[in-house]
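**Student:** Sharing a structure below in structure tokens format, with a few things to ask.
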Amino acid sequence: MTSCFLISPMGELDSRAHRLAERLFETLVRPAMQACDVDVVRAADMRDPGRITKQLFSAMFSADFCVAVLSGHNPNVMYELAMAQAARKPVISLIERGEKPPFDVHDWRAIPYDLHAPDLDAEVARLSAAVAHLQSTGFAPSDDLLAEYGVGPGGHVRTFERVSEYGSPEAWARLVRAARGTLDLMGVSLEAWRRVPDFEDDVAERAAAGCKVRILVLAPDNPILDLVADRTKLQAAPDQIRSSVRLMLPFFQDLAARHPGIELRTLAHGAPTVRLTRNDDTCLAMLHLRSLNHELGDGPLVTARAGTRLYDTFGREFEAFWSSGRLVGSDGCAEA
């Protein structure tokens, strides 16, 4: 059975805070969870002897998702919410209508509720709909906040089953903005960078600040493109992948033509073994694995911090391909 851990103020028995918490649970949370066939676990219901925080976090990390009640800005709630987010637990936040969430979580969507509303069924339905949405995603992990800032479990080398698990497009934008002396990008077409906010402006700003930006993509007539579609098990035909390459080449060409610190090269033969992003501090490499049925651009990802052997290994991999690439001039033609 699906389980939910409720992050909520508790309060002393017979206190106003306790009564409000119980009313919220009985009026809103319990009915919504019952409608979705979800079992709710609360710290208030834990009676086993031993360390309560150990039991609390064990229950939280074992649950499929969490519901956090932000009303009243309870410090215990904020601490438990931070732990849930660090553990990448999907979280549905609730807040009493008319209240504003604390600044640090103001950009996380919260469902407003009113226990005095004339139509309490509608209040319950909103929470049930949010739970149903999480169920439809298979309770996919939330954004990896620690990874977005280059910290967290796994030390200096981390792995992700899919690129999409690394973080939001903003996490990739921060990689560009963090580049000081080096920014290397390598891949088939690198079309995914078009979806990163302010990519063009950030790359231009980094180049203007003296950062050496190097971009390496496949040439449209590279014969290896016939194999790329087969290797990634795409439904798309090789011509569609070539279209992606042809789409991005003028984009990067224009970027390099307008900013002297940006250099563009193409590979007429062979293909990179990884899609690589490297700045002075971090290297990210998406692996191309024939055996996995990943969509193009969402394969397994390895991240390595500067100072690790893996960071240096990926750096040498980039240099090997870069040295065999051909510089693309302002007219779009590869220079000899």
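The values are calculated or read from the model by the stated rules, or taken from the named source; none is laboratory data. Everything numeric in this text was worked out from a predicted model, so none of it was measured. Note that we place each Cβ from the backbone using ideal geometry, even for glycine, and neighbour counts take in every protein chain shown.
**Student:** Can you tell me which residue is farthest from ARG246 (Cα to Cα) among those in the range 183-198 that are at pLDDT 95 or above and in contact with a Phe, Trp or Tyr (Cβ under 6 Å, 6 or more places away or on another chain)? Break it down into steps so the answer makes sense when it comes.
**Tutor:** Initially, the range 183-198 is screened for residues at pLDDT 95 or above, giving 183-186.
Imposing the further condition that a residue be in contact with a Phe, Trp or Tyr (Cβ under 6 Å, 6 or more places away or on another chain) reduces the set to 184, 186.
Numbers: ASP184: 20, MET186: 15 Å.
The extreme case among them is ASP184.
**Student:** Moving to a separate point now. Tell me, which helices (runs of 4 or more DSSP H) wholly within the range 1-93 include 1 or more residues that are more than 25 Å from ALA125 (Cα to Cα)? Full working, then the answer.
**Tutor:** Details: elements: 16-24, 30-35, 52-62, 75-86.
In the range 1-93, the matching helices (runs of 4 or more DSSP H) lie at 16-24, 52-62, 75-86.
**Student:** Right, ARG316: modelled with pLDDT of 90 or more and under 26 Å from PRO169 (Cα atoms) or not? Outline the logic, then answer.
**Tutor:** Working: modelled with pLDDT of 90 or more: yes; under 26 Å from PRO169 (Cα atoms): no.
Considered against the rule, which asks whether it is modelled with pLDDT of 90 or more and under 26 Å from PRO169 (Cα atoms), ARG316 comes out as no.
**Student:** Among the listed residues ALA229, ALA130, which satisfies the condition of being surrounded by 15 or more Cβ atoms within 10 Å (Cβ to Cβ), at pLDDT 90 or above and not in a loop (DSSP other than H, G, I, E, B)? Let's see the steps before the verdict.
**Tutor:** Working: ALA229 fails: at pLDDT 90 or above.
The conditions single out ALA130.
**Student:** Identify, by number, the condition in (1) more than 20 Å from HIS288 (Cβ to Cβ); (2) free of Cβ contacts under 8 Å to residues at least 40 places away in the same chain; (3) surrounded by fewer than 19 Cβ atoms within 10 Å (Cβ to Cβ) that VAL196 doesn't meet.
**Tutor:** Failing condition for VAL196: (3).
**Student:** Quick check on my filter: what residues within the range 249-273 are closer than 17 Å to ASP202 by Cβ, under 30 Å from the mean Cα position of the chain (by Cα) and either outside the structural domain of PRO220 (by TED's automatic domain parsing) or free of Cβ contacts under 8 Å to residues at least 60 places away in the same chain (or both)?
**Tutor:** PHE251, ASP254, LEU255, HIS259, GLY261, ILE262 - these are the residues of the range 249-273 that are closer than 17 Å to ASP202 by Cβ, under 30 Å from the mean Cα position of the chain (by Cα) and either outside the structural domain of PRO220 (by TED's automatic domain parsing) or free of Cβ contacts under 8 Å to residues at least 60 places away in the same chain (or both).
**Student:** So, one more: So ASP280 clears everything in (1) surrounded by fewer than 17 Cβ atoms within 10 Å (Cβ to Cβ); (2) within 22 Å of PRO220 (Cα to Cα); (3) of a type in the set (D, E, K, R); (4) at pLDDT below 95 except one condition, right? Which one?
**Tutor:** (2)
**Student:** Right, here's the next one. Considering the range 101-127 alone, what residues qualify as being free of Cβ contacts under 8 Å to residues at least 40 places away in the same chain, within 20 Å of HIS73 (Cβ to Cβ) and either assigned to a loop (DSSP other than H, G, I, E, B) or not hydrophobic (A, V, I, L, M, F, W, C) (or both)?
**Tutor:** Matches in the range 101-127: PRO101, PRO102, ASP104, HIS106, ASP107, TRP108, ARG109, PRO112, ASP114.
**Student:** For the range 53-68, what are the residues that are modelled with pLDDT under 95, surrounded by 21 or more Cβ atoms within 10 Å (Cβ to Cβ) and of a type in the set (Val, Ile, Thr)?
**Tutor:** Once the filter is applied, which keeps residues that are modelled with pLDDT under 95, surrounded by 21 or more Cβ atoms within 10 Å (Cβ to Cβ) and of a type in the set (Val, Ile, Thr), the range 53-68 yields nothing.
**Student:** Residue check: is ARG88 in contact (Cβ under 8 Å) with a residue 12 or more places away in the chain, under 15 Å from LEU134 (Cβ atoms) and not polar (S, T, N, Q)?
**Tutor:** Details: in contact (Cβ under 8 Å) with a residue 12 or more places away in the chain: yes; under 15 Å from LEU134 (Cβ atoms): yes; not polar (S, T, N, Q): yes.
The answer is yes for ARG88.
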